[in-house]
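The values are calculated or read from the model by the stated rules, or taken from the named source; none is laboratory data. Model, not experiment: these values are computed from the prediction. Don't worry about glycine lacking a Cβ; one is built from the backbone with ideal geometry, like all the others, and counts go over all protein chains shown. Ligands, DNA and RNA are stripped out before the accessible areas are found, and what is left, the full protein with its side chains, is counted by its heavy atoms. Shrake-Rupley method; radii C 1.70, N 1.55, O 1.52, S 1.80 Å.
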Amino acid sequence: MMRTLLVRGMLAGLIAGVLATGFAYLFGEPSVNTAIGLEESGGGHSHSAPAEPGAHSHETAAEPEEELVSRDVQSTLGLFTGVAGYGIAIGGLFSLGFAFAHGRLGPMRPRATAAVLAATGYAVVVLVPFLKYPANPPAVGQAGTIGDRTGLYFAFVAISLVVAGIAVAAGRKLVERFGAWGGVLLGAGGYVVVMALCAWLLPVIDEVPEGFPGSTLWTFRTASIGTQLVLWTALGLVFGALAEKVAPKRAVAAA
């Protein structure tokens, strides 16, 4: 069963990655091109390597040099490779999480379990860290702070995962005392309060250069969070449909 779910999770991740790539290409690449043009004209902090809108940090410390890979390849094949690879990896991890969660969230069908897991994963892994440390396009960010910014971002993701795990465990205990709705709301509320406190304690990063178009920054960040939303939504829906075929008996037994 675990091997079957893992394969289906990676397949669902690949499909989700293809859809997310299409979204990123249509809605994210125009703002990347605009930011690169501003950078080349001296409108940014440093020279940056273009990257897909699903990533957090896009800047490099390299000086201007001849491109080893053309911009056309970067925005098509390179974009697909990065997003699809990310989708496959997330799909594999998603299948492991599904195997653990299925049957422990009450009498839910595999589709419902996958949907809840995808929504939770998107909020914990993507949305909450994004609110504190949003993605930046090329020309935004100083080259000397790349390491610090990357470390802070992944540290916040790790904190979010740990706090979410504690909130789930506490929520299950609270359900026994306050009922399903009360336990879920108290667990979710505890997560929000702790993460808000952590966000307040961690350093603020604001390196948007003066004069950088706000519309370009907004479009890029919207495309970035939208790309992740498409990926996680597709992952939950596709994996739920695939898992329904191999785990229906367990769901019926739970019901």
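For the chain, what % of the accessible area comes from carbon and sulfur atoms, probe 1.4 Å?
It is 69 percent, rounded to a whole number.
If I ignore ligands, DNA and RNA and count only protein heavy atoms, how much of Arg221 is accessible to a 1.4 Å probe, in Å² to the nearest 10?
Rounded to the nearest 10, the figure is 60 Å².
Tell me which residues come under 5 Å, amide H to amide H, from Glu207 once H is placed; ignore anything under 5 positions away on its chain.
HN-HN under 5 Å from Glu207: empty list.
Please list Leu231, Leu38 from largest to smallest accessible area, probe radius 1.4 Å, with all protein chains kept in place.
Sorted by accessible area, descending: Leu38, Leu231.
So for the pair Arg71, Ser41, with labels modelled 7 Å out along Cα→Cβ, what separation do we get in nm?
With each label point 7 Å from Cα toward Cβ, the separation is 1.2 nm.
Asp148 accessible area, nearest 10 Å², 1.4 Å probe?
Surface open to solvent at Asp148 totals about 110 Å².
Let me cross-check Lys173: its accessible surface, 1.4 Å probe, with only protein heavy atoms counted, in Å² to the nearest 10?
Taking all protein chains as shown, Lys173 has close to 140 Å².
Work out from phi, with θ = phi - 60° and the Karplus expression 6.51 cos²θ - 1.76 cosθ + 1.60, the ³J(HN,Hα) of each residue of the stretch 75-82, listed in order in whole Hz, and give x for Gly and Pro.
My calculation for the stretch 75-82 gives 7, 10, 5, x, 4, 4, 4, x Hz in order.
Please give the helix 110-121 orientation as an angle from the longest Cα principal axis of the chain, in degrees from 0 to 90, rounded to the nearest 10.
So the helix axis and the longest Cα principal axis differ by about 40 degrees.
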